[in-house]
Amino acid sequence: MSKNLIVFFIITIIVIIPLQINAEDYQLIVYKNNKELALKKANNIVKKYHIATGKGGKGTKRKRGDSKTPLGVYRISKFSKSNRFHYFIQLDYPNLIDAWYGFKNEVIDGSDFKRIANAYKKRESPPQDTNLGGQIGIHGIGKTTTKKLAIHEELNWTDGCIALTNDDINHLMKFIKIGTTVVIKE
């Protein structure tokens, strides 16, 4: 598959399926460097939460296993109770931009790119089994202990996700839904 055809495909999908943001909806902005997640409504910050992100350091996620938190614009695609993390809010990672860079840098092939693009076109969760990785989301810390709270406060400890305390994720859940925009910045 030629790279020009893929660029055309991305642009066509973005034009045909615009990602609309309702002014009444909440939005999440993640600031990795500040270890902060801001809950916003109509450009006003409603609440800020302390977070931990991927232990892989600065930069965006480029492949499975790099332990980096991706940078970009994502949507909440699924909610799940979790024994390990208390609650897991899955994001639609990888998005089309992640797929494009993955294809361009030969991390994924044309077939995986098409699978991701088709999921985006159908407004479905993208495949989680490509070399780009998957299962990126926002979650709690699981069973709360003094040690876990101390680690959460000081370190970026996740494998690429965004972690909040269980109390914070319970609070956040009141404001978000499937489709809520999550912008992740350095």
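Every number here is computed from the coordinates shown, using simple stated rules; none is lab data. Keep in mind that what you see is a predicted model, and the values were worked out from it rather than measured. With ideal geometry, Cβ positions are generated from the backbone for all residues, glycine too; neighbour counts draw on all protein chains shown.
Modelled this way, with points 7 Å down the Cα-to-C-beta line, the labels at Ala150 and Ile29 are 3.4 nm from one another.
Out of all DSSP beta bridges in the chain, what portion is antiparallel? Express it as a percent rounded to 5. Don't skip to the answer; put the middle values down first.
Numbers: 26 of 34 bridges.
Roughly 75 percent of the DSSP beta bridges within the chain come out antiparallel.
Cross-link partners for Lys41 among the lysines, with Cα-Cα distance under 19 Å and sequence neighbours closer than 8 places in the same chain left out: Lys174, Lys177, Lys185. Among the DSSP helices (H) of the chain, none spans at least 30 angstrom by Cα along its long axis with an average Kyte-Doolittle hydropathy of -1.0 or more; this is a geometric and hydropathy rule only. Each Lys or Arg adds one and each Asp or Glu subtracts one; over the other residues with Cβ under 15 Å from the Cβ of Ala119, this totals +2.
Each residue, Ala38 and Asn83, gets one label point 7 Å from its Cα in the Cβ direction; the gap between the two is 3.9 nm. Backbone N atoms of segment 149-168 closer than 16 Å to the 7 Å Cα→Cβ label point of Lys47 belong to residues 163-168. Stretching the chain fully between Lys104 and Asn131 yields a gain of 8.4 nm (0.36 nm per residue, less the alpha carbon separation).
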